[in-house]
1. May I ask for the net charge around Gly346, where only other residues with Cβ less than 14 Å from the Cβ of Gly346 are counted and Lys, Arg are +1 while Asp, Glu are -1?
2. Could you please put Asp371, Asp137 in sequence from largest to smallest accessible area, using a 1.4 Å probe?
3. Protein chains only, probe 1.4 Å: how do Val445, Val107 rank by accessible area, largest first?
4. Rank-order 573-585, 380-392 by packing density, defined as the average count of other C-beta atoms within 10 Å over each peptide's residues, highest first.
5. Any chance you could run the full-extension gain for Asp142 through Thr29? It's 0.36 nm times the residue separation minus the Cα-Cα distance, nm to one decimal.
6. Compute the signed sum of charges (Lys and Arg +1, Asp and Glu -1) over the other residues within less than 15 Å, Cβ to Cβ, of Gln411.
7. Can you give me the % of accessible surface on segment 328-450 that is carbon or sulfur? Probe 1.4 Å, all protein chains present, nothing else counted.
8. Which lysines does Lys289 reach when only Cα atoms under 16 Å apart count, and residues fewer than 8 places away in its own chain are ignored?
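The values are calculated or read from the model by the stated rules, or taken from the named source; none is laboratory data. This is a predicted model, so every value here is computed, not measured. Positions of Cβ are backbone-derived with ideal geometry, glycine not excepted, and every protein chain shown enters the neighbour counts. Calculation scope for accessible area: heavy atoms of the full protein, side chains included, ligands and nucleic acids excluded. Shrake-Rupley method; radii C 1.70, N 1.55, O 1.52, S 1.80 Å.
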Amino acid sequence: MRTQELAVVLSTIILLGPCVSNAQDEAATKDVQARADNDSRMTWWREAKFGMFVHWGVYSVVGGKYKGQDLPNSAEWMMARGKIPITEYEKYAAQFNPTKFDANEFVGRAKRAGMKYLVITAKHHDGFAMFGSKCSDYNVVDKTPFGRDIMKEIADACQKQDIKFGFYYSQAQDWHHPGGFGNSWDKTIKRVSNDQYVMDKAVPEVTQLLTEYGPIGIFWWDTPRKMSRKSFDSLHSLTRMQPHVITNDRLGEGCAGDYKTFERHIPRQVPVGKDWEVCMPISGSWGYKIGDNDFKSTTKLIRNLIEIASMGGNYLLNVSPTGEGTLLPAAVERLESIGAWMDINGESIYGTQRSPIENLQWGRCTRKQHDGKTLLYLHVFHWPQDGQLLVPGLQNNIEHASLLDGGVPLQCNRTSDGVTITLPAKAPDPHASVVVLKVKGTLDVAPNLPTVDARGKVVLTADKAYINNNEGGANAGLRMHNNIPHIGYWLDRNASVEWTFRTRQPGEYEVRAVISVQKPKSRFSIKLAGQPLMVEADSTGGYGNYVEKNLGMIRIDQAGEHTLRVKPDAAEWNPINLRQVELRFKKPN
Ligand code: FHN
């Protein structure tokens with residue numbers, strides 16, 4: 001076998017790896033190979049950190065309005081939300097004529113914003129191809145007055161401007177094809193099987209996208225649905241045509257892809273040992289929607305990017321071109337402001353890794369290895385009024401500290417609490433000012449634990465909890481209600497939740513918790529410093545009704561680190577939702 005052929009076979013095996021089951025030893029070898037392969041393919045992506053997502057389609061012509069009415073949800077869902085028959089929806093294609101579109105200018109905007117990759121909707125759930133599909137004339141070249149292959153123009157512009165290019169493709173939902181999933185409202189459809197849709201449309205289109213548009217950095221699948229194994233495998237195997245392509249985790253069940261996706265929110269707990277990305281629209285809707293003024297502020301967007309980078313993820317920020325092919329001024333302004341910030345501070349984002357310094361009151365921290373040294377980038381959101389910035393738990397001596405903007409050197413002082421940096425009176429940047437620390441020696445950080453404050457209080461919130469789920473199960477998990485995290489779906493009575501915290505004050509502490517209980521009663525224990533506290537909680541009237549409850553007193557004999565654990569009572573447990581546990585110092589021992 002020639003080396004090239006061998007490489008193709010190997011990459012096929014590797015790419016198919018996560019989805020095919022094999023004998024155990026083979027699987028172990030494959031695992032090692034897959035990891036090496038994944039590392040080499042993911043290098044640019046891990047360095048990039050920031051990308052542009054683009055949702056653009058024929059729905060953009062009317063900005064999500066149907067018969068003069070605003071429809072709920074994102075604009076690209078208008079066909080489904082308005083239950084628009086296929087023949088009627090097709091008319092939007094005849095109006096699609098984005099004469100102001102200029103691919104080079106468009107990609108230039110992403111580049112100037114500091115984005116390193118771009119992922120665009122080649123085909124969304126409505127089934128309309130934004131490229132010259134060869135297997136279906138329901139596409140931008142054949143069915144619109146515009147008649148240009150938008151994907152080709154953007155792919156070429158990305159290539160020219162050194163932006164990695166990726167396709168979004170809705171592989172399972174297709175509301176236009178009689179075999180696609182999702183269209184339940186158009187009763188004129190003469191159904192064919194989903195397998196037939198995959199063979200007739202999805203496979204040829206994906207093949208075309210992977211062979212006629214130059215190097216593809218990312219293939220971004222969306223909304224996995226129950227496809228047959230055969231369909232799933234045929235789509236999955238196509239990615240071998242571009243051995244370097246990266247895929248997300250949305251092709252189908254059991255296929256993790258190269259990275260995990262989070263949509264519209266930043267995860268509270270980072271996935272262990274996995275690459276991940278947060279995609280989020282710049283406003284409320286993914287596709288251009290008239291009247292959507294829900295633009296996130298520039299500060300919010302910059303801080304989102306920082307927060308995600310500080311946790312080790314990538315940020316894929318979505319913009320929505322109008323029917324004319326341009327972005328709204330609100331989006332342009334934000335992209336330019338982000339770009340201005342990145343011009344000065346990009347070093348603190350690109351190629352950085354998750355930082356071990358977490359739970360900071362004043363902002364976030366990213367980390368980078370450079371010339372054998374560790375650089376810490378302190379992103380200060382809240383500039384300290386007394387000019388003293390504490391990096392809690394940092395044990396290292398500091399070789400050099402400076403503001404990233406202008407390089408002004410700063411004074412550092414090591415104390416038992418960490419490193420304190422003396423800052424100038426005024427923050428240099430209204431969004432986030434960055435301080436760079438060059439650290440001496442191997443990074444040494446004591447965990448930044450919740451600590452009993454000067455008033456004798458510590459609040460242990462759900463998002464800071466460690467959840468002990470049995471054998472990797474997920475029967476207790478972090479959930480949100482009214483934007484506040486809680487531990488919920490606590491169905492497994494063997495699952496427990498714990499926090500480690502620090503106190504400088506031995507003494508008697510009152511234990512309080514904010515909980516909601518649905519069933520008439522539930523029993524659980526709080527264990528701290530070797531003392532169990534049994535709690536019986538009455539129904540609070542439903543999972544949405546949280547109450548603060550005094551659970552009793554506990555004695556702590558020594559200052560230092562302690563672990564508090566909440567554990568269901570095996571016999572009388574009914575799942576509770578737990579928002580927080582609080583300890584209040586009452587008196588010395
Ligand atoms: O249904 C789509 C939605 O329209 C949009 O494309 C997002 C982007 O991640 N994905 C789907 C929902 O998960």
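1. Values: positive: Lys49, Lys111, Arg112, Lys116, Lys368; negative: Glu47, Asp343, Glu347, Asp405, Asp429.
Net charge in that neighbourhood comes out at 0.
2. Asp371, Asp137
3. The ranking, largest first, comes out as Val445, Val107.
4. Sorting 573-585, 380-392 by mean packing, highest first, produces 573-585, 380-392.
5. Result: 35.9 nm gained on full extension.
6. In short, 0.
7. 47
8. In chain and number order, the partners are Lys65, Lys67.
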